[in-house]
1. Provide the percentage of antiparallel DSSP beta bridges, counting only those with both residues in the chain; round to the nearest 5.
2. Rounded, prolate or oblate: which one fits the stretch 72-131, using the alpha carbon gyration tensor with axes a ≥ b ≥ c (rounded when a/c is under 1.5, else prolate when a/b beats b/c, else oblate)?
3. Cα gyration tensor of the stretch 4-132, axes a ≥ b ≥ c as square roots of the eigenvalues: rounded (a/c below 1.5), prolate (a/b > b/c) or oblate?
4. Please give the calculated 222 nm ellipticity per residue for the chain, where each DSSP H segment of at least 4 residues contributes -39500 (n - 2.57) and the sum is spread over every residue; nearest 500 deg cm²/dmol?
5. Hey, fewest Cβ within 10 Å first, where do Val128, Val25, Val14 land in order?
6. List the trypsin sites (Lys or Arg not before Pro) within the stretch 67-123 that fall in a DSSP loop (any state other than H, G, I, E or B) and whose Cβ has at most 16 other Cβ atoms within 10 Å.
7. Once both labels are modelled 7 Å past Cα along the beta-carbon direction, what's the Thr106-Ile87 spacing in nm?
8. Between Ile100, Ile63, Ile125, which gets the highest mean-square fluctuation from a Gaussian network model of the chain, Cα cutoff 10 Å?
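Any read-out appearing in this document is the output of simple, stated calculations on the displayed coordinates, not a laboratory observation. Keep in mind the model is a prediction, meaning the values are calculated, not measured. Virtual Cβ from ideal backbone geometry, glycine too; neighbours counted across all protein chains shown.
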Amino acid sequence: MASKKHQFILGLIVKKIREEGFTIVSIDGKSSGSFGIKTELPPKILRHRPDVIAVNEDGQICIGEAKTNNDIKNTRTSEEITDYTSIELNGKACYVIIGIPQESITELNKLLKRIGIRNFNNICIIQVPNEIINE
């Protein structure tokens, strides 16, 4: 079961996805940003199932992934980011939104550098201030 912190970050990702003009297709977990709408679980994208999948009018897929402090250093997170940022769906690179606690940005930047992601145009990082994260 996802932690309250993870779910809070997921809610902010859902909000950002909608602001960017995407429509939510599936969510793994409960998000206050889903307005009680039931969706199917997201399918696996290569090796892992993302937290959120959405699509825009042009058919571009958006993948949302919430991470807590402990998630950043594990192998699974590295694999997920690699998979989600490298795949094209509907003939377009996926737009990837990653939400993290603000205090984890240094670790996330190290991870992105280690896996070779620098200045990737289709990635958005939401840094959530520690003061507003529900523990």
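1. DSSP beta bridges in the chain are roughly 50 percent antiparallel.
2. Verdict is prolate for the stretch 72-131.
3. On the way: a/c = 1.59, a/b = 1.12, b/c = 1.42.
Because a/c hits 1.5 or more and a/b fails to exceed b/c, the stretch 4-132 counts as oblate.
4. Theoretical 222 nm ellipticity from helices: -9000 deg cm²/dmol.
5. Going from sparsest to densest Cβ surroundings: Val25, Val128, Val14.
6. Lys73, Arg118
7. According to this spin-label approximation, the distance is 3.3 nm.
8. Ile125
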